[in-house]
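Only one structure is covered here, and it is reproduced in the block below.
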Amino acid sequence: MHPVRDPEFWRKRAAQTRAKMGSRYDRDSRVDLLRIAEEYDRIAENAERWQKTEDEGREALLPHGHDHKST
């Protein structure tokens, strides 16, 4: 899976960004990092929705009664 579509990729980025906040003493820098981390969280949520939509689309293409996991 491409990283852009992987929710875990973005969650790790958010966690890494939040970890950097501990080493920043400048308030403005901490606020900026928090905003970036929150944006990564939103991207992760979007990636989950994209994944779910793609999975549902694949299931809709399968013959009725088929389980995509058993094929």
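Please tell me if R58 is open to solvent by 80 Å² or more (accessible area, probe 1.4 Å), at pLDDT 75 or above, in a helix (DSSP H, G or I) and not hydroxyl-bearing (S, T, Y). Don't jump to the end; show me each part of the working.
On the way: open to solvent by 80 Å² or more (accessible area, probe 1.4 Å): yes; at pLDDT 75 or above: no; in a helix (DSSP H, G or I): yes; not hydroxyl-bearing (S, T, Y): yes.
Taking the combined requirement at face value, the residue does not satisfy it.
Listed here are the residues, each with its yes/no results for (1) in a helix (DSSP H, G or I); (2) loosely packed, with under 11 Cβ neighbours inside 10 Å.
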{"site": "M1", "(1), (2)": "no, yes"}
{"site": "K12", "(1), (2)": "yes, no"}
{"site": "Q16", "(1), (2)": "yes, no"}
{"site": "A19", "(1), (2)": "yes, no"}
{"site": "S23", "(1), (2)": "no, yes"}
{"site": "R30", "(1), (2)": "yes, no"}
{"site": "A37", "(1), (2)": "yes, no"}
{"site": "A44", "(1), (2)": "yes, no"}
{"site": "T53", "(1), (2)": "yes, yes"}
Check on A19, at pLDDT 95 or above and of a type outside the set (D, E): no
So which pairs qualify, if the first residue must be in the range 14-33 and of a type outside the set (G, A, S), the second must be at pLDDT below 90 and part of a helix (DSSP H, G or I), the Cβ gap must be under 6 Å, and the two must be at least 6 apart or on different chains? R30/M21; L33/K20; L33/M21
Condition broken by R49, with the remaining ones in (1) modelled with pLDDT under 95; (2) touching a helix residue (DSSP H, G or I) at 6+ places or on another chain (Cβ under 7 Å); (3) of a type outside the set (D, E) satisfied: (2)
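The values are calculated or read from the model by the stated rules, or taken from the named source; none is laboratory data. Just so we're clear, the structure is a prediction, and the values are computed from it rather than from any experiment. Ideal geometry is used to build each Cβ from the backbone, glycine not excepted, and the neighbour counts take in all protein chains shown. The area values use the complete protein model at the heavy-atom level, side chains included, leaving out ligands, DNA and RNA. Shrake-Rupley method; radii C 1.70, N 1.55, O 1.52, S 1.80 Å.
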